[in-house]
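Take a look at the structure set out below.
The values are calculated or read from the model by the stated rules, or taken from the named source; none is laboratory data. From a predicted model like this one, the values you see are computed outputs, not experimental measurements. Here the Cβ positions follow ideal geometry from the backbone for every residue, glycine too, while neighbour counts run over all protein chains shown. Areas reflect the complete protein model, heavy atoms only, side chains present, ligands, DNA and RNA absent. Shrake-Rupley method; radii C 1.70, N 1.55, O 1.52, S 1.80 Å.
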Amino acid sequence: MCQFPVPAPVVAINMNIEDYFKEFTQDLHAQAGAGEDFLRSTFVEHMCSLIEDDGFIPSFSQIDYKHTSRGMAVDAWSYDDEFSKLTLFVSDYRDSGTLETLTQSDVTDGFKRLGRFLEACLKKDFPKSLDESMPVTELAWFFSESHGTIKQLSLVILSNARLSSRVEELPSKTVAGLAASYEIWDFERIYRVETSGQAREDIEIDFCDFEKQGIPCLPAYLGKDSMRSYLLVMPGRVIAELYEKYGERLLEQNVRTFLQFRGNINKGMRNTIVNEPHMFFSYNNGLSATAEEVRTSGNDDRLLSVRNLQIVNGGQTTASIFTAGRKEGADLSGVYVQIKLSVVAAEKVEEVVPRISEYSNTQNKVSAADFFSNHPFHRKIEEFSRRLWAPSPAGLVQETHWFYERARGQFVNKQASLSAADKRKFLIQNPKNQMFTKTDLAKYVRSFEGLPHEVSKGAQKNFSGFAGELGKRWDENDGVDFNELWFKRLIGKAILFRQLDNLVLRAGWYTGYKANIVTYALAKFAHLVNERDVYIDFLKIWDMQILPEDLSNQLLIIAETVNEILLNGPASATSNVSEWAKGEDCWNEVKSAKMQLQAKVEKYLIDIEQNRELEKNAGRTDLIQKGIQAQAYVVQKGAEHWKLLRDWNGANRKLTAKELGILDAACAIPRRIPSEKQSHILIEAENRAKIEGFFPP
């Protein structure tokens with residue numbers, strides 16, 4: 001398989017906070033349209049999505065509730081069943097053209113509003129007084145009925161103001177009888193995260209907080225040129241505490257989710273932890289982990305602290321230890337786990353970590369389903385997004401790109417070194433509202449594939465499922481299905497999704513659950529089309545670059561019906577609409593609902609023959625493009641690069657005679673230029689050499 005090298009890593013962005021605030025505010029206004037209510041709601045949605053992507057919460061429900069006379073407010077919430085953790089969000093949004101200050105009194109007031117809401121929920125008359133169609137009712141009843149099972153409570157303030165330096169500490173008191181943690185996502189924190197170029201906020205772990213002298217370790221590397229590695233034996237209770245504190249943020253490089261003891265391996269681990277904890281070390285293969293930086297004792301024999309610890313193999317082991325201790329009361333004092341820790345510099349993470357995960361995983365085979373941002377699928381979509389120009393909508397002349405942000409910060413990073421004029425040009429050609437991420441992509445695709453209940457489970461869980469399905473498909477046919485036509489159809493789906501999202505927010509019947517309504521409405525539309533053995537003409541939507549009025553009318557009719565089904569589901573589900581939306585039973589009910597496609601929609605559908613012809617032509621075009629790109633890559637790298645590969649092979653002897661002949665031709669560029677077919681072979685040879693240790697400067 002011809003894989004092009006990984007693009008350069010994203011780097012920190014050189015933009016001051018005031019300039020970023022202006023851009024952030026402009027983008028927010030563009031997303032929200034008009035109206036203060038929409039601005040605040042859009043801000044909350046953006047912030048919760050950011051926090052979800054960072055792994056702090058598994059998903060969220062937005063409710064935008066405020067009761068001024070009672071001094072109560074809550075804008076969104078999340079419940080993580082694995083950790084029995086409830087997180088509530090309240091916004092302090094300022095519709096101002098300047099970056100304001102979040103003061104101590106603002107912070108105190110925000111947390112008090114959340115606290116009053118929770119205390120009111122414990123009084124039965126309050127949940128009963130709420131309108132059942134409002135999303136806040138679900139939260140009120142949930143807290144009232146589940147209060148005794150909640151183990152962790154987190155209160156979070158979201159603000160587009162900058163936290164005052166005079167705010168030195170946050171509250172530590174209990175709320176509604178529960179110990180609570182308090183957190184603030186102010187604009188300075190937003191700025192740091194979104195302009196850092198990193199995939200996540202830093203995780204700093206001080207092991208001296210768990211063991212006074214740190215964790216004993218054994219250096220497992222030789223020489224200054226070797227990658228620093230350590231072997232250590234970690235107490236099970238430390239692993240459980242780390243997982244409880246950081247959750248899936250520790251597993252970000254391993255997209256597989258914990259299977260809750262459904263597989264044989266998890267059952268075996270559970271039984272060993274509960275019945276034979278002293279044998280866990282012997283039976284378990286341990287963890288493979290990475291960190292961007294470590295601090296050890298003077299003798300290099302104790303691990304004192306790490307930055308950005310990532311468990312790249314052993315997510316099931318980690319979650320099994322935590323769950324056995326938390327839910328089954330297992331004694332973890334006799335459980336120990338071996339860990340191989342590799343220190344990987346930030347700029348090498350995308351290149352090295354996937355290989356560590358692939359080579360070290362022996363408990364469950366890692367396939368292409370375990371997606372990292374440098375997987376060839378993501379690189380291919382990125383290449384299309386930079387190369388293909390979307391037609392200008394009617395009345396406009398400027399063609400644009402739909403910018404795929406394969407790794408966080410790419411969009412801002414592209415502008416970092418541009419002059420003011422070039423930056424304006426870049427943003428005209430790459431509008432911010434046409435930037436999309438991996439989780440966005442998964443949401444669009446799976447909605448139209450009839451999986452709205454999976455999309456409703458949240459961005460990360462939905463992406464994990466998407467990665468598994470797509471990884472298998474990629475491996476089956478070497479990714480040939482993912483061509484320019486697939487990309488254009490993807491953008492057609494994105495246009496329908498995003499514009500319907502805006503329409504639902506403004507619909508007179510809308511009261512909440514927008515994320516569920518949109519994915520279900522699009523899935524139902526696709527289902528109605530499929531029942532007629534025809535296809536949605538996403539290529540026409542690509543050509544138009546808008547959601548046409550006839551289609552928007554049709555989708556809004558479907559969306560209103562979906563809303564009624566969500567709000568009026570089975571009696572057991574009406575108090576928990578978001579949970580009802582996550583189940584296949586909900587999707588089955590929506591599928592069975594009687595609806596008709598309007599005649600005006602016919603012009604946006606194509607038949608089987610038209611679809612077959614489009615896909616056949618797309619396959620031919622893709623083959624031609626691949627050949628051109630392979631040859632262009634070989635030529636652009638230049639003779640000096642290929643000479644480095646030839647010198648490396650002279651010492652390591654990994655290439656075949658055929659590959660060496662092509663390599664000799666590449667070393668003579670521009671006098672000799674390998675053919676397209678030869679270029680494919682040479683790129684494959686280079687990729688194999690990199691696996692064997694070829695790291696050109």
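Key figures
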| quantity | calculated |
| --- | --- |
| Qualifying residue in region 73-80 (condition: in contact with an Asp or Glu (Cβ under 7 Å, 6 or more places away or on another chain), buried (at least 22 other Cβ atoms within 10 Å of the Cβ) and at pLDDT 90 or above) | yes |
| Residue under evaluation SER385, criteria (1) at pLDDT 90 or above; (2) more than 20 Å from the chain's Cα centre (by Cα), criterion not met | (2) |
| Filter result (assigned to a helix (DSSP H, G or I) and either among the β-branched types (Val, Ile, Thr) or on the phi > 0 side of the Ramachandran plot (or both)) within region 595-613 | VAL601, ILE608 |
| Whichever residue in region 411-451 is within 25 Å of PRO393 (Cβ to Cβ) and of a type in the set (S, T, N, Q) and, among such residues, is surrounded by the fewest Cβ atoms within 10 Å (Cβ to Cβ) | ASN433 |
| Residue satisfying condition, being closer than 18 Å to TRP77 by Cα, in contact with a helix residue (DSSP H, G or I) (Cβ under 7 Å, 6 or more places away or on another chain) and open to solvent by less than 10 Å² (accessible area, probe 1.4 Å), within set PHE143, PHE117 | PHE143 |
| Residue within region 482-501 that is open to solvent by less than 30 Å² (accessible area, probe 1.4 Å), at pLDDT below 95 and touching an Asp or Glu at 6+ places or on another chain (Cβ under 6 Å) present | yes |
| Of all residues making up region 297-338, the number that are in contact (Cβ under 8 Å) with a residue 12 or more places away in the chain and either at positive phi or not aliphatic (A, V, I, L, M) (or both) | 25 |
| Candidate set: region 681-696, residues that are open to solvent by 60 Å² or more (accessible area, probe 1.4 Å) and either in contact (Cβ under 8 Å) with a residue 40 or more places away in the chain or touching a Leu at 6+ places or on another chain (Cβ under 7 Å) (or both); chosen: the one farthest from TYR633 (Cα to Cα) | GLU692 |
| Residues of region 560-603 satisfying the condition of being polar (S, T, N, Q) and either at pLDDT 90 or above or touching a strand residue (DSSP E or B) at 6+ places or on another chain (Cβ under 7 Å) (or both) | THR561, ASN563, SER578, ASN588, SER592, GLN596, GLN598 |
| Hits in region 157-193 - residues which are assigned to a strand (DSSP E or B) and either farther than 25 Å from LYS124 by Cα or open to solvent by 30 Å² or more (accessible area, probe 1.4 Å) (or both) | ILE157, LEU158, SER159, ARG162, LEU163, THR174, ALA179, SER181, TYR182, GLU183, ILE184, TRP185 |
| Residue that is modelled with the lowest pLDDT [pool: residues in region 297-327 that are part of a loop (DSSP other than H, G, I, E, B) and within 25 Å of GLY55 (Cα to Cα)] | GLY314 |
| Count - residues of region 527-579 that are among the polar types (S, T, N, Q) and either surrounded by fewer than 16 Cβ atoms within 10 Å (Cβ to Cβ) or closer than 19 Å to LEU485 by Cβ (or both) | 5 |
| Neighbours by Cβ (under 6 Å, 6+ apart or cross-chain): first from region 631-655, more than 12 Å from ARG688 (Cα to Cα); second assigned to a helix (DSSP H, G or I) and open to solvent by 30 Å² or more (accessible area, probe 1.4 Å) | GLN631/GLU676 |
| Tabulated pairs, region 413-426, first modelled with pLDDT under 80, second open to solvent by 100 Å² or more (accessible area, probe 1.4 Å), C-beta under 9 angstrom, 6+ apart or interchain | ALA416/ASN14; SER417/ASN14 |
| Single unsatisfied condition, GLY638 versus (1) surrounded by fewer than 12 Cβ atoms within 10 Å (Cβ to Cβ); (2) within 39 Å of the chain's Cα centre (by Cα); (3) modelled with pLDDT of 90 or more | (1) |
| Failed condition for LYS524, given (1) over 24 Å from the mean Cα position of the chain (by Cα); (2) under 27 Å from GLU613 (Cβ atoms); (3) open to solvent by less than 20 Å² (accessible area, probe 1.4 Å) | (2) |
| Selection within region 644-680 - assigned to a helix (DSSP H, G or I), aliphatic (A, V, I, L, M) and open to solvent by 40 Å² or more (accessible area, probe 1.4 Å) | LEU644, ALA651, ALA657, LEU660 |
